[in-house]
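J.: Have a look at this one.
No value in this document is a laboratory result; all are computed from the given coordinates. Computed from a prediction, not measured in an experiment: that's the story for all the values here. Reconstructed Cβ throughout: ideal geometry from the backbone, glycine too, with neighbour counts over all protein chains shown.
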Amino acid sequence: MAEAFKLVRDRFDRVGILISGLCALHCVATLVLVAVLGLGGGFLLEPALHRVGLALAIAVGGVALGLGVARHGRREPLAIGAAGLSLMTIALVTGHGPAEAGLTIAGVALVALAHWRNVRHLDS
């Protein structure tokens, strides 16, 4: 049972890293494709896409980081992740635009770092 729990916890962190990367990629791709090439504005700038993706990232991040701290007892990943999740939450209530993209990119970078630290602590 403990091994199955560890597998689920590890997967949450790895999925969290993937989702964080996809969020950052989405923000950068949107800025580049729309600003430089004038492409993809209809789909990539859709606020619902951002809200759903960001809400999913916040949920996965919170669960994974909480499970990791419960297991290894180190609060550093949780503190880093909480800062990132806070920025991502602020991005959710910020109007769609450059400020939102900046908050999201900074937030997902911190959350990805926290997931990585979580995995590192679990492996040691």
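J.: Full extension from Leu56 to Arg120: what is 0.36 nm times the residue separation minus their Cα-Cα distance, to one decimal in nm? Please list the in-between numbers first.
T.: Details: separation 64, 0.36 × 64 = 23.04 nm, distance 2.31 nm.
Contour length minus the Cα-Cα distance gives 20.7 nm.
J.: Please work out the FRET efficiency for the pair Ala83 and Leu25, using the Cβ-Cβ distance as r and a Förster radius of 22 Å; give the result to the nearest 0.05.
T.: On the way: r = 21 Å, r/R0 = 0.95.
Calculated value: 0.55.
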